[in-house]
Amino acid sequence: MQSSVYNYDRFNYWEIYTEELPSRGIFYKKDARIRVRTMSVLEVKFLATYMEATATRICNEILNKCTILENLTLDELLLPDRDYIIFWIRLNTFNTSNGFTITIPHCSTCKAEIVENLSLTQFKHKYLDNGFEPNVYLPDLQMEIPIRIPTYNDSIYNVENELEDVALHLDTDNTFEEKTKFVSMLSALDYVYLKEHIEKNNCGIIDEVPIYCPDCGTEHIVKVHINDLNIFTHFELRDILEKITQIAKYSNLTITNEWSWVEVELEMQIINNMIQEENEANKKQLQNVSSRMPTGATSTSTPKMPSLPSMPHM
């Protein structure tokens, strides 16, 4: 039985239709539903423990906390769809510092340095619009090998190179280590056939992004591999509490752990705008006062008060 808090909280969820997923939902039940919300203050605090050793565990925990799945389990969720949902959470939770800073030391044409702030909105996705072919024929081995799209449970594997990535797509009962060894022993021709077939039948975030030189306009294709290690930023708990304290000081709002972090950032922007407007208004008022002062008077002069009538003694 779901708690009343959970039922109230579900109003903060957006629905991601299965047709929007990289897999187009072709492997899920027709009545499968996915609803997602942005991160709360408590979950952003959780990012204070975000580091290489904990990255995947934190990503899976955030995914579990921020999603409601119906007629679909996490075990059934394909890995590219998992990454897409985490990408959605990251993109919609943070209004500021939402992307990557890319530096190209020398433009290939004008040799100028290129520094580009790459927003997450600039990344595109590849979809399974042409279906999925589960088998590939390897000519040297003269046999068919079944392949699959990795699932949520495969996120535990630390894939460090192309060889391991190919092994993760093999649809056999062997261990990940056995699959990796099998791929490493393939002939060059069979490996190329297998890799090209996997790429043709794969989906997910496209890690190649065009960047243009601001001086000469030359296009540079940069490869940015988004994964559990870099999708989120490590937050210092002190910085989070400082922002919450500033909001409480200027607005008398009490920020609890259940607050959406989007609202916290928006409140901070509103307060900063109000402070800026007040400072500008005070500056303008001081300028008006100075312009009315008699010649020779200074802003530090004390105005002469008119004499008051004497009060009778009792």
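Quick note: the coordinates plus some simple rules give every number you see, no bench work behind them. This structure is a prediction, so every number in the text was calculated from the model and none was measured. Using ideal geometry, Cβ is built from the backbone for each residue, glycine included, and neighbour counts are taken over all protein chains shown.
For the peptides 24-33, 143-152, 72-81, 128-137, the ranking by packing is 72-81, 143-152, 24-33, 128-137, with the highest mean count of neighbouring Cβ atoms within 10 Å listed first.
In a reduced charge model with +1 at each Lys and Arg Cβ and -1 at each Asp and Glu Cβ, the chain shows a dipole moment near 1840 debye about its Cα centre. Its residue count N fixes a reference of 2.2 N^0.38 Å for the chain, and the Cα radius of gyration divided by that reference is 1.48.
At 0.890 mPa s and 25 °C, plugging the Kirkwood radius over alpha-carbon pairs of the range 11-130 into Stokes-Einstein gives what diffusion coefficient in µm²/s?
Answer from the Stokes-Einstein relation: 150 µm²/s.
Relative to the longest principal Cα axis of the chain, at what angle does helix 55-66 sit, 0 to 90 degrees, rounded to 10? Here the helix axis deviates by roughly 70 degrees. So, in Å, what gap is there between the alpha-carbon centers of the range 52-79 and the range 221-237? Using only Cα atoms, the two centres lie 17 Å from each other. Which stretch or stretches of the range 214-241 have amide N atoms under 17 Å from the point lying 7 Å from residue 126's Cα along the Cα→Cβ direction? Hits in the range 214-241 for residue 126 at 17 Å: 221-227. Distance between the modelled labels on residue 284 and residue 20, one decimal in nanometres: 4.1 nm (7 Å Cα→Cβ projection).
Assigning unit charges at the beta carbon (Lys, Arg +1; Asp, Glu -1) and nothing else, what dipole magnitude in debye, to the nearest 20, does the range 83-186 show about its Cα centre?
Result for the range 83-186 is approximately 520 debye, rounded to the nearest 20.
Would you mind checking the tilt of helix 237-251 against the longest principal axis of the Cα atoms of the chain, expressed as 0 to 90 degrees and rounded to 10? For helix 237-251, the angle is close to 40 degrees. Between residue 29 and residue 141, the FRET efficiency from the beta-carbon distance, with R0 = 35 Å, is close to 0.50. Report, in degrees rounded to the nearest 10, the 0 to 90 angle that the Cα long axis of helix 79-93 makes with the longest principal axis of the chain. Value to nearest ten degrees: 10.
Near residue 215, no amide H atom lies under 5 Å from its own; only residues 5 or more places off or on other chains count, and H is placed 1.01 Å from N.
Summing charges over all other residues whose Cβ lies under 13 Å from the Cβ of residue 122, with Lys and Arg as +1 and Asp and Glu as -1, gives -2. Hydrodynamic analysis of the range 124-177 uses the Kirkwood radius over alpha carbon pairs. Inserted into Stokes-Einstein at 37 °C and 0.692 mPa s, it gives a translational diffusion coefficient of 254 µm²/s. Percent of C-alpha pairs per 5 Å bin in the range 55-200, short distances first: 2, 7, 14, 15, 15, 14, 12, 10, 7, 2, 0, 0. Toward the positive end of the charge dipole of the chain, with +1 on the Cβ of Lys and Arg and -1 on the Cβ of Asp and Glu, the farthest Cα among 101, 85, 167 is that of 101.
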